[in-house]
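As structure tokens, the structure follows; a few thoughts come after it.
The values are calculated or read from the model by the stated rules, or taken from the named source; none is laboratory data. Computed from a predicted structure; not experimentally measured. Note that we place each Cβ from the backbone using ideal geometry, even for glycine, and neighbour counts take in every protein chain shown. Only protein heavy atoms, including side chains, enter the accessible area calculation; ligands, DNA and RNA are left aside. Shrake-Rupley method; radii C 1.70, N 1.55, O 1.52, S 1.80 Å.
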Amino acid sequence: MSLHERRLTDHELGGNTLWYKDAVIYQLHIKSFLDADGDGIGDLSGLTRKLDYISSLGINTIWLMPFYPSPRRDDGYDISNYKDVSPEYGSVEDFQTFVNAAHARKIRVVIELVVNHTSDEHPWFQRARRARAGSPERDYYVWSDTDDKFAETRIIFVDTEKSNWSWDPVAKSYYWHRFYSHQPDLNYRNPEVVEELLSIMNFWLDKDVDGFRLDAIPHLVEREHTDSENLPETHALLKHIRARLEERHPDVILLAEANLWQEEAREYFGDGDECHMAFHFPLMPRMFMALAKQNARPIKTILRQTNSIPDECQWAIFLRNHDELTLEMVSEAERNFLWETYAADKRARLNLGIRRRLSPLMDQDRRRIELLHMLLFSLPGSPVLYYGDEIGMGDNTDLGDRDGVRTPMQWSDDRNAGFSNAAPHKLALPVIDDPQFSYAAINVAAQDNDPHSLLNWIRQMLALRRRHRAFARGAMRFAKTDDDRVIAYLRTCGEDVILCAANLSSVSLAAKISLPKLADYVPIELAGGTTFPVIGRDSYPLTFQPYAYFWLKLTKAG
Ligand code: GLC
């Protein structure tokens with residue numbers, strides 16, 4: 001049996017049961033990655049062909065956005081069949097081929113699972129609306145005779161939805177939905193629904209996936225006179241799911257999408273018996289805030305407020321993803337400030353966020369793009385990169401909803417950016433071809449050949465990161481500086497001590513870093529291997545160009 005044909009053991013995958021702590025995650029949409037069959041839509045065969053590229057980045061985990069059959073009114077987050085692959089992307093066999101090929105390259109696969117709701121075209125909903133009120137079939141979803149139940153629950157898609165209830169003329173009843181009205185919420189108070197979910201998870205675990213990103217989990221269960229978010233019932237349900245999955249698949253991981261303040265998000269780790277990972281939503285806008293304010297405080301404050309998490313758990317940290325850059329976890333004043341700074345053009349605003357990619361947000365300023373990545377790769381947590389950001393892809397605010405940040409990957413300056421052979425009007429989404437961000441200039445092939453490209457810089461940084469366990473596993477402690485424009489912190493794992501320091505401002509400056517217990521240590525710059533002056537009894541002076549940064553390994557002198 002060849003390597004491609006069998007499941008690799010955890011050991012062969014180079015890991016142990018805590019593999020996700022060392023994960024560097026690449027998030028992508030099959031639809032927009034590579035179209036192998038020329039129909040204009042990316043597919044599993046195309047993605048499988050590009051695994052060597054993903055591996056060359058230094059990625060060891062792929063997060064696949066939804067690939068299930070779907071009317072795609074929310075780009076696949078509206079699933080109509082959980083146990084199949086959308087025919088445009090391929091078949092279940094193609095999926096298995098992809099997973100095997102990823103595993104052969106020691107890349108894990110985490111798939112998106114939309115657990116809170118289905119599409120209204122899902123057979124469960126079609127059956128429910130026709131079933132007798134109170135029947136088990138009707139009970140798969142949440143119904144009410146009035147639209148004033150759960151009144152304390154907020155609306156999430158404020159730009160499109162006026163209520164969390166919609167009238168169904170067939171059922172002659174209102175149904176509950178936290179997102180679009182075509183996404184009815186499942187009723188997890190019904191044990192049959194829980195069993196359905198477990199059966200779906202086991203279906204994909206049998207195809208060897210390594211984990212699930214659990215979409216929108218704070219909303220799984222609702223209760224009157226609460227805000228219906230993060231209820232104890234929801235946590236109990238997640239613990240139950242984890243325990244049941246582990247009976248057969250001890251290595252599976254659950255990654256929580258819980259857009260919450262860190263204390264509440266932390267609850268999704270339970271006592272190490274709920275989700276293995278959770279996104280750190282409040283940190284993300286504060287990295288952008290720190291840069292805009294040219295001040296380290298937003299990052300320091302939020303990380304100081306982030307309590308420790310169970311040993312076996314890990315944050316997932318990110319700069320951008322497929323959604324709007326959410327500003328839900330900041331104050332109103334901060335949100336207005338960030339909107340003014342990064343989305344002066346109101347077309348870039350959506351719901352409570354900004355629908356732009358990283359490079360346009362940074363005005364294509366390589367220094368600031370690098371600085372944000374340096375933070376992403378060295379702050380505590382597993383970094384998540386969004387496809388295309390590694391080459392500085394642009395966006396298209398003329399497209400609706402969040403489509404502008406989901407355009408085809410730019411592989412080359414060939415027709416359709418090398419993404420597809422189809423006629424341009426057939427593409428899943430148009431390629432970016434505005435003068436500033438055109439695929440003719442911004443593409444993988446061009447950057448591959450340029451040793452100084454952003455792409456190659458990211459590869460180098462991830463290679464450095466891999467060599468030092470302190471980044472993925474180490475403890476983290478801020479070092480005092482005499483200048484708030486400089487952020488400095490130590491990542492430590494055994495003998496591996498790394499000082500990370502950056503100038504968040506647009507001016508050159510000299511700062512002093514307080515390293516009281518590190519006198520006589522010698523800093524060695526990680527990328528170039530240059531030895532810096534030894535650390536003395538006084539604060540350590542470092543000079544920085546605008547937006548410059550250092551990763552310095554500290555070794556004991558002598
Ligand atoms: C999550 C997804 C988002 C989707 C929503 C509803 O927030 O990230 O893309 O629209 O859930 O499923």
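Quick check on my filter: what residues within segment 451-460 are without any contact (Cβ under 8 Å) to a residue 24 or more places away in the chain and open to solvent by 60 Å² or more (accessible area, probe 1.4 Å)?
P451, H452
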Here's a check for you: in segment 79-94, which residue that is in contact with a helix residue (DSSP H, G or I) (Cβ under 6 Å, 6 or more places away or on another chain) and within 19 Å of D35 (Cβ to Cβ) is surrounded by the most Cβ atoms within 10 Å (Cβ to Cβ)? Y89
Restricting to segment 494-552, name every residue that is among the aromatic types (F, W, Y) and without any contact (Cβ under 8 Å) to a residue 12 or more places away in the chain. none
Does S70 satisfy the criteria of being within 17 Å of F95 (Cβ to Cβ), in a loop (DSSP other than H, G, I, E, B) and modelled with pLDDT of 95 or more? yes
Considering residues that are of a type outside the set (S, T, N, Q) and near the ligand (Cβ under 10 Å from one of its atoms), the number found within segment 112-130 is 4
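In segment 480-495, which residues are of a type in the set (A, V, I, L, M) and either surrounded by fewer than 22 Cβ atoms within 10 Å (Cβ to Cβ) or out of contact with any helix residue (DSSP H, G or I) (no Cβ under 7 Å at 6 or more places or on another chain) (or both)?
Residues satisfying the conditions are V486, A488, L490.
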Lone unmet requirement of (1) in a loop (DSSP other than H, G, I, E, B); (2) in contact (Cβ under 8 Å) with a residue 12 or more places away in the chain for N416: (1)
In the list A445, A441, A463, which residue meets the criterion of being open to solvent by 10 Å² or more (accessible area, probe 1.4 Å), among the small types (G, A, S) and assigned to a loop (DSSP other than H, G, I, E, B)? A441
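Within segment 231-275, take every residue that is small (G, A, S), within 16 Å of the ligand (Cβ to nearest atom) and not in a helix (DSSP H, G or I) and give me the one that is surrounded by the most Cβ atoms within 10 Å (Cβ to Cβ).
That would be A256.
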Of everything in segment 395-409, what is open to solvent by less than 20 Å² (accessible area, probe 1.4 Å) and in a loop (DSSP other than H, G, I, E, B)? Give them in sequence order. D395, R402, R406, T407, P408, M409
Out of segment 317-335, which residues are more than 13 Å from the ligand (Cβ to nearest atom), of a type outside the set (S, T, Y) and not in a helix (DSSP H, G or I)? I317, L319, L327, M329, V330
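Across segment 183-193, what is the total count of residues that are open to solvent by 10 Å² or more (accessible area, probe 1.4 Å) and either away from the ligand (no atom under 16 Å from the Cβ) or in contact with a strand residue (DSSP E or B) (Cβ under 9 Å, 6 or more places away or on another chain) (or both)? So that I can check it myself, show each step before the final result.
Here is the first cut: in segment 183-193, the ones open to solvent by 10 Å² or more (accessible area, probe 1.4 Å) are 187-192.
Right, trim to either away from the ligand (no atom under 16 Å from the Cβ) or in contact with a strand residue (DSSP E or B) (Cβ under 9 Å, 6 or more places away or on another chain) (or both) and you get 187, 189-192.
Matching residues across segment 183-193 total 5.
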Being in contact with a strand residue (DSSP E or B) (Cβ under 9 Å, 6 or more places away or on another chain), within 17 Å of D43 (Cβ to Cβ), touching a residue at least 60 places away in the same chain (Cβ under 8 Å) and in a helix (DSSP H, G or I) narrows V109, V99 down to just V99
